[in-house]
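Just below is one structure, and these are the notes that go with it.
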Amino acid sequence: AELLVREQNWTRYTAPVRESVITTLTSKPKMIGVLFAAIRSGVVKPPEISSPKRTQLQKHADAGIRKEAEALFQELEGGDRMKIYRAHRELLAQPGDATRGAEVFTRACSACHTHQGKGGKVGPDLTGVRNQPADALLLHILVPNYEVVPAYQTITVATDDGRNLSGWLAGETDSSLTLRTAFGTEETVLRQNIASLAASSLSLMPDGLEQTMTKVELVDLIVFLKAEPAGTR
């Protein structure tokens, strides 16, 4: 497990691979310590852990895991996200570059979101968001839990073999549930194997994205999202 989060490996992962590694490391108590060590050493950044997973760790049955998770994620989970949003609104007066913003989107957003037919299908397609005000886009980027469409609210499932899965409900039958995870895969769990299930209003999209890009890149990203599609001008 330690090999998964060595710096020379972690820095080369794409976003879906990172999410897969995080899911693996949070699925078993023995591996959570490996993840915590990687966060303490600075290899893995706290904002790279989604809010549902942070909450899962902060409410873990093991008191030691709960205590360390609270210490590692205190700033993100306890911080005033609206205050951060208000502090960043003044950036919207600055000019941005849509071409550079496309590169930011590919790096930071495309693992989960589609735009103009390219990207992942974990979260909503962002092709049509250009008609939203820039400050609304900024709000949803910086405060992803401000307003979560019910279809994208998170379900966390613990199985009787010790696995923990988080995602939004992609389908269900009388005998099973299918979750779409944050790295784009679908996991089907038999109801008879579910030890516990919890639904929340949290988004799979993580808080703290402003810590993963510069202020210039954040402006460029919003300009890209508001730009008219190529060929329509």
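The values are calculated or read from the model by the stated rules, or taken from the named source; none is laboratory data. Computed from a predicted structure; not experimentally measured. Because the Cβ atoms are built from the backbone with ideal geometry, glycine has one as well, and the counts that use them run over all protein chains shown. Ligands, DNA and RNA are excluded from the accessible area calculation, which covers all protein heavy atoms including side chains. Shrake-Rupley method; radii C 1.70, N 1.55, O 1.52, S 1.80 Å.
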Practice problem: Only residues that are modelled with pLDDT under 90, open to solvent by 30 Å² or more (accessible area, probe 1.4 Å) and outside any helix (DSSP H, G or I): list them for segment 117-144, please. | Solution: Gly117, Lys118, Gly119, Lys121, Pro124, Asp125
Practice problem: Would you check which residues across segment 59-69 are outside any loop (DSSP other than H, G, I, E, B) and open to solvent by 40 Å² or more (accessible area, probe 1.4 Å) and list them? | Solution: Ala63, Gly64, Arg66, Lys67, Glu68
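So that you can scan it fast, the table gives a plain yes or no per residue for (1) of a type outside the set (S, T, N, Q); (2) surrounded by 14 or more Cβ atoms within 10 Å (Cβ to Cβ):
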{"site": "Leu3", "(1), (2)": "yes, no"}
{"site": "Thr24", "(1), (2)": "no, yes"}
{"site": "Pro29", "(1), (2)": "yes, yes"}
{"site": "Ser50", "(1), (2)": "no, yes"}
{"site": "Leu57", "(1), (2)": "yes, yes"}
Quiz item: Which pairs do you get when a residue that is on the phi > 0 side of the Ramachandran plot, found in segment 191-220, comes within reach of a residue that is open to solvent by less than 70 Å² (accessible area, probe 1.4 Å), reach meaning Cβ atoms under 8 angstrom, with the pair 6+ apart or on two chains?
Solution: Gly208/Pro46; Gly208/Pro47; Gly208/Leu76
Quiz prompt | Meets criteria (in contact with a helix residue (DSSP H, G or I) (Cβ under 8 Å, 6 or more places away or on another chain), surrounded by fewer than 17 Cβ atoms within 10 Å (Cβ to Cβ) and under 30 Å from Lys83 (Cα atoms)) for Thr212 | solution = yes
Quiz item: Residues of segment 37-72 being basic (Lys, Arg) and under 21 Å from Thr181 (Cα atoms), which ones?
Solution: Lys45, Lys53, Arg54, Lys59
Quiz item: For the subset of segment 193-209 comprising residues that are over 21 Å from the mean Cα position of the chain (by Cα) and among the polar types (S, T, N, Q), which member is surrounded by the fewest Cβ atoms within 10 Å (Cβ to Cβ)?
Solution: Ser196
Quiz item: Is there any pair linking a residue in segment 77-104 that is more than 20 Å from Pro47 (Cα to Cα) and among the acidic types (Asp, Glu) to one that is modelled with pLDDT of 90 or more and in a helix (DSSP H, G or I), with Cβ under 6 Å and at least six apart or on different chains, and which?
Solution: Asp97/Asp220
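Filtering segment 145-163 down to residues that are open to solvent by 40 Å² or more (accessible area, probe 1.4 Å) and touching a residue at least 60 places away in the same chain (Cβ under 8 Å), which residue is farthest from the chain's Cα centre (by Cα)?
At the first step, the residues of segment 145-163 found to be open to solvent by 40 Å² or more (accessible area, probe 1.4 Å) are 145-147, 149-153, 160-161, 163.
Next, from what is left, pick out any that are touching a residue at least 60 places away in the same chain (Cβ under 8 Å): 145-146, 163.
Working: Asn145: 11, Tyr146: 14, Arg163: 19 Å.
Here the residue is Arg163.
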Quiz item: Within segment 29-45, is there a residue that is of a type in the set (Gly, Ala, Ser) and under 25 Å from Gly123 (Cα atoms)?
Solution: no
Quiz item: On the given criteria, is Leu72 over 30 Å from Arg40 (Cα atoms) and part of a helix (DSSP H, G or I)?
Solution: no
Exercise. Please find, within segment 164-192, the residue that is surrounded by the fewest Cβ atoms within 10 Å (Cβ to Cβ) out of those that are under 19 Å from Glu48 (Cα atoms) and of a type in the set (Val, Ile, Thr).
Key: Thr185
Practice problem: Being under 20 Å from Lys45 (Cβ atoms) and among the charged types (D, E, K, R) is the filter here, so list the residues in segment 105-118 that pass it. | Solution: Arg107
